[in-house]
Amino acid sequence: MLNYIQMGNKKSPKTLLFIHGSGCNYKIFGEVYKYLTDYNCILIDLNGHGKSEGKCSPTVEGYIDNVTAFIKSSEVIKNEQDITIIGYSMGGGIVLGVALKKLPNVKKVVVLSGGAKFTKLKDSELMKKYHKTNELDMNLTIQCFTANKPTPLILKYVDTLEQDPNVTINDLTACEKFDISNQIKNIDIPVKIFVARDEILVLKEYADFVNTQIKDSILTVFENGRHFLLVSKGKEVAKEINSFISD
């Protein structure tokens, strides 16, 4: 059973389902969903993360199946008729995978700092160091989130990340193997994509690729924000999401 919290306007005809990324939990969306409370917001912890039961999935496809099952069978969402799925980082890959399932009540997709493949992840300084030492370097991790000295806001959200490094390692390793890039052209619902130009972990080229492959997609590029775009630019991201949902 996936843990979730429900926030905002439960009577709204529009539901937003938030799916987090590698080594995090629903709390990572704090700076975004607080500006979207006019909608019925449901934020989940993936299996093995936060307060959800079960083990982490060894593949991103496993998470895609779990989120699909949640939408189909969970009492809190299965009867909602207008769902926008919002995925961050690995969650961006998950929501693209869910979109390919063509669930009738999933109407729109938001990809935040994510992609349909993460094939160059192994070449990042963070993962090169991990594959050499078998440990995650926290300083390199923070460099992925900000180009400058981390602000108190950045550090607040670093503190929400999963404490067990094995969870993060599992997810990053799963992302290295993930690739649905040859399938996403079949997504036939609107997709909104966000990325920071100064990304060094989930590269801008992934966002560009999704944008070129999906006919009904819009790409918004922020000049900075790195992989914590949803934290440092949360209000601006939420405003763009609101416009996308309202169209």
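Values quoted throughout were computed directly from the atomic coordinates according to the rules given, and no laboratory measurement underlies them. Bear in mind that the values here come from a model prediction, so they are computed numbers and not experimental data. Note that we place each Cβ from the backbone using ideal geometry, even for glycine, and neighbour counts take in every protein chain shown.
When the convex hull of its Cα atoms is viewed from all sides, region 4-246 shows a mean projected area of 11.4 nm².
Rank by packing, highest mean first: peptides 203-209, 10-16, 189-195, with packing defined as the count of other Cβ atoms within 10 Å averaged across residues. Please report the intermediate quantities before stating the final value.
Numbers: 203-209: 18.9, 10-16: 16.7, 189-195: 23.1.
With the highest mean Cβ count within 10 Å placed first, the list reads 189-195, 203-209, 10-16.
So for 144, 24, fewest C-beta neighbours within 10 Å to most, what's the order?
Numbers: 144 17, 24 25.
In order of increasing Cβ crowding within 10 Å: 144, 24.
Annotation: aspartates and glutamates with alpha-carbon distance below 20 angstrom to residue 149 (same-chain offsets under eight excluded): 31, 125, 137, 159, 198, 199, 223.
Take every Cα pair under 8 Å in region 52-139 that's 6+ residues apart, average their separations, divide by the length, and report that relative contact order as a whole percent. Don't skip to the end; give the middle numbers.
Values: 98 pairs, mean separation 20.2, N = 88.
Relative contact order, region 52-139: 23 percent.
Going by how many other beta carbons lie within 10 Å of each one, how would you line up 1, 138, 90, fewest first?
So the ranking, lowest neighbour count to highest, is 1, 138, 90.
For the chain, hydrophobic long helices are taken as DSSP H runs at least 27 Å long by C-alpha position along their axis with mean Kyte-Doolittle hydropathy of 0.0 or more; none is present. Placing a label point 7 Å from the Cα of residue 153 along the Cα-to-Cβ direction, the residues of region 1-39 with a backbone N closer than 19 Å are 27-37. When both bridge partners sit in region 4-246, DSSP labels roughly 20% of those beta bridges antiparallel.
Could you sort out which of 102/239; 185/233; 192/239; 10/34; 11/233 sit more than 24 Å apart by Cα distance in this structure? Listed pairs above 24 Å: 102/239; 185/233; 11/233.
Between residue 5 and residue 101, 0.36 nm times their residue separation minus their Cα-Cα distance comes to what? All intermediate terms of the calculation are to be shown ahead of the outcome.
Working: separation 96, 0.36 × 96 = 34.56 nm, distance 2.40 nm.
Gain on stretching residue 5 to residue 101: 32.2 nm.
The Kirkwood radius of region 126-247, taken over pairs of alpha-carbon atoms, gives through the Stokes-Einstein law at 37 °C and 0.692 mPa s a diffusion coefficient of 204 µm² s⁻¹.
Of the GluC sites (Glu not before Pro) found in region 31-95, the ones in coil according to DSSP and having at most 14 other Cβ atoms within 10 Å of their Cβ are 53, 75.
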